[in-house]
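Novice: This is the structure I have questions about; it appears just below.
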Amino acid sequence: RRAAAMASRNFDVLRSPVICVLGHVDTGKTKMLDTIRRTNVQLGEAGGITQQIGATRVPAEALKERCRKARNFDPDSVKIPGFLIIDTPGHESFANLRSRGSSLCDVAILVVDIMHGLEPQTIESLKLLLKRGTPFVVALNKVDRLYGYESNPQKDIYQHLKAQSSNVQLEFKERYEKIVTEFAENSVNVALSNQNKNTDEYVSIVPTSAFLGDGIGNLLAYIVDYSQDKLAERLAFCTELDCTVMEVRSLPGLGTTVDVILLNGTLKRGDIIVLTGTEGPICSEIRDLLMPAPLREIRVKGDYEHYASIQGAQGVKVLAKGLDNVVAGLPLFVCRRSDELEVLKADAQKQLEKALTSIKKK
Ligand code: GDP
């Protein structure tokens, strides 16, 4: 099966890495998402950032523009088509995902408040990431709260830190070193991203202000480089389907729909799908595939575009009959041959049992 998966990989076509944001409450996860999503027309930042189903797509053009702020970043080196960022920090689906072998998220951003250091949910997220082997980068957030800090979101954060008053630099150093120790207490070696020579052994830290935008260019640039250098094999487009249900939603006129993250492979209208339901496996046919229309000046709510076929990585709304009892956080399978159906149904049932055992364990 692995050989078959390798054969169907195409290393010339990389898909967008899926990125999720984790961390303790109030560290700035939501603000971070907002700042990454914001297209600043005045600053000439490339547009095309679109809000998807449960995710935000940041296309390569927008990434290049933002990453330009990071020193030594070469915009021409960008090979990925963009990022797909999961919108809901700490989504309930991540709990279900614990029970899965594969992981929905290619790279995680672990947000830490520089004033508070590692907090209980930070440590919980950290353990989850280590257990799943998900690569992550630490955003050391709220650097603007260092006493006397002067913001400049247009600059490389490391050059900018060097230009701060000596008191600010001293406070940064003290707080940073304390946090390095806290990570070490949790068996994780960390280093500032511009000094990290060994990203296999050391997790990178990027100082940020999600509030003002400082360091966000460095953070995105780091993730672009890391994805292309270290995750190329994983990101090589693969025909094998990897699709996870994020949300089950009833919409007027559409009935019950499922919002999925299609990580890899292709979904098509007319595909026979198998999902996990509370009352047993659910088998249905895809009636339509929807994605939101690109952001316009005035966003018409529920303004979707229809697709006959969609290739990962994307956030997609799937329309089909009989989806009422679908369980979120679990995979959606596509049945390509009639003799696969019973196997997939059994797989879907197994997913539910696994999810239930992992909930009971907690
Ligand atoms: P979440 O619970 O992790 O999603 O945190 P939020 O994004 O809701 O942020 C919590 C609070 O911290 C809000 O009042 C934000 O405005 C504030 N905040 C977030 N990021 C920053 C930052 O970089 N600097 C400062 N000073 N405040 C921030």
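Novice: Can you tell me which of A184, A191 is assigned to a strand (DSSP E or B), modelled with pLDDT of 95 or more, open to solvent by 10 Å² or more (accessible area, probe 1.4 Å) and more than 16 Å from the ligand (Cβ to nearest atom)?
Specialist: A191 is the lone residue from the list that is assigned to a strand (DSSP E or B), modelled with pLDDT of 95 or more, open to solvent by 10 Å² or more (accessible area, probe 1.4 Å) and more than 16 Å from the ligand (Cβ to nearest atom).
Novice: Restricting to the range 197-237, count the residues that are within 14 Å of the ligand (Cβ to nearest atom) and hydroxyl-bearing (S, T, Y).
Specialist: Summing the residues that are within 14 Å of the ligand (Cβ to nearest atom) and hydroxyl-bearing (S, T, Y) in the range 197-237 gives 2.
Novice: Inside the range 270-285, can you point out the residues that are assigned to a loop (DSSP other than H, G, I, E, B) and within 15 Å of C243 (Cβ to Cβ)?
Specialist: Once the filter is applied, which keeps residues that are assigned to a loop (DSSP other than H, G, I, E, B) and within 15 Å of C243 (Cβ to Cβ), the range 270-285 yields D271, T276.
Novice: State the number of residues belonging to the range 14-35 that are crowded, with 20+ Cβ neighbours inside 10 Å, assigned to a helix (DSSP H, G or I) and within 6 Å of the ligand (Cβ to nearest atom).
Specialist: Within the range 14-35, residues that are crowded, with 20+ Cβ neighbours inside 10 Å, assigned to a helix (DSSP H, G or I) and within 6 Å of the ligand (Cβ to nearest atom) number 1.
Novice: On to the next question. Which residue out of I157, I179 is within 16 Å of the ligand (Cβ to nearest atom), touching a residue at least 12 places away in the same chain (Cβ under 8 Å), of a type in the set (A, V, I, L, M) and farther than 16 Å from S209 by Cα?
Specialist: Selected residue: I179, the only one of I157, I179 that is within 16 Å of the ligand (Cβ to nearest atom), touching a residue at least 12 places away in the same chain (Cβ under 8 Å), of a type in the set (A, V, I, L, M) and farther than 16 Å from S209 by Cα.
Novice: Collect the residues in the range 228-263 that are assigned to a strand (DSSP E or B) and under 12 Å from F333 (Cα atoms), keeping them in residue-number order.
Specialist: Of everything in the range 228-263, those that are assigned to a strand (DSSP E or B) and under 12 Å from F333 (Cα atoms) turn out to be D242, C243, T244, V245, V260, L262.
Novice: For the range 70-88, enumerate the residues that are assigned to a loop (DSSP other than H, G, I, E, B) and either open to solvent by less than 40 Å² (accessible area, probe 1.4 Å) or at positive phi (or both).
Specialist: Hits for the range 70-88 are A70, N72, F73, V78, I80, D87.
Novice: Given the conditions (1) within 16 Å of the chain's Cα centre (by Cα); (2) of a type in the set (V, I, T); (3) under 20 Å from L262 (Cβ atoms), and given that T239 satisfies all but one, which numbered condition is not satisfied?
Specialist: (1)
Novice: Find the residue count for the range 129-148, including only residues that are more than 19 Å from L219 (Cα to Cα) and touching a residue at least 40 places away in the same chain (Cβ under 8 Å).
Specialist: Residues in the range 129-148 being more than 19 Å from L219 (Cα to Cα) and touching a residue at least 40 places away in the same chain (Cβ under 8 Å): 1 in total.
Novice: I'm checking my understanding of the structure. Among residues of the range 118-145 that are among the hydrophobic types (A, V, I, L, M, F, W, C) and under 23 Å from Q169 (Cα atoms), which one is farthest from the ligand (Cβ to nearest atom)?
Specialist: V137
The values are calculated or read from the model by the stated rules, or taken from the named source; none is laboratory data. The model shown is predicted, which means the values in this text are computed figures rather than measured ones. All Cβ positions, even for glycine, are placed from backbone atoms using ideal geometry, and neighbour counts span all protein chains on display. With ligands, DNA and RNA removed, areas are computed over all heavy atoms of the protein, side chains included. Shrake-Rupley method; radii C 1.70, N 1.55, O 1.52, S 1.80 Å.
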